[in-house]
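No lab work stands behind these numbers, since they all come straight from the coordinates. These numbers were taken from a predicted model, which means no experiment stands behind them. Cβ sites come from the backbone with ideal geometry, for glycine too, and all protein chains shown count toward neighbours.
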Amino acid sequence: MENITLEEMIKIIGILVAFISSIEFLAFRTRKYIKNIMKDEIDPIKQELHQNSLNTMKNTICNENIPITERLIVGKEYIEKGGNGAVKIYLHKLEEDFANKLKEENLTKNK
């Protein structure tokens, strides 16, 4: 049986460490490359889903067949997600009308 010297053991360990480090580096770079590719693929999909979500909320807010409380809840989410423009103005008018309606109902009940 052949004896291995301490120097030879250190060389073998050094080679193993270098080999493992190379594999880790390649794995890291591969993961980073795949992540960048996926990001380029996923970002447009995320934007489209966000826009579809806003459009669905717009339809809910403007649909007079849906209870007003539900429309106001969806409206709050619509604004939180960045919804703006004419629908936001309509939503504020809807909130104002609902508040006035509640005041009238309270006045009627108190008489």
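Tabulated values for the structure
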{"quantity": "For the stretch 22-29, Karplus couplings with θ = phi - 60° (6.51, -1.76, 1.60), whole Hz, Gly/Pro x", "calculated": "5, 5, 4, 4, 4, 5, 4, 5"}
{"quantity": "Vicinal HN-Hα couplings computed from phi for the stretch 42-55 (Karplus, 6.51 cos²θ - 1.76 cosθ + 1.60; Hz; Gly/Pro x)", "calculated": "7, 3, x, 5, 4, 5, 5, 4, 4, 5, 4, 4, 4, 5"}
{"quantity": "Estimated dipole of the stretch 27-111 in Debye, rounded to 20 [Cβ of Lys and Arg +1, of Asp and Glu -1, Cα centre]", "calculated": "440 debye"}
{"quantity": "Of 63, 37, 102, farthest towards positive along the dipole that unit charges on Lys, Arg, Asp, Glu beta carbons give the chain", "calculated": "102"}
{"quantity": "Nitroxide proxy distance, nm - points 7 Å out along Cα→Cβ at residue 37 and residue 90", "calculated": "4.4 nm"}
{"quantity": "Loop-exposed GluC sites (Glu not before Pro) per DSSP, neighbour cap 11 Cβ within 10 angstrom, longest uninterrupted part of the chain", "calculated": "3-63"}
{"quantity": "Candidate values (i) 68, 17, 9; (ii) 21, 18, 14; (iii) 24, 16, 13, label of the one derived for semi-axes √(5λ) of the Cα gyration tensor in Å", "calculated": "(i)"}
{"quantity": "Exposure proxy order (Cβ contacts within 10 Å, fewest to most) of 60, 5", "calculated": "5, 60"}
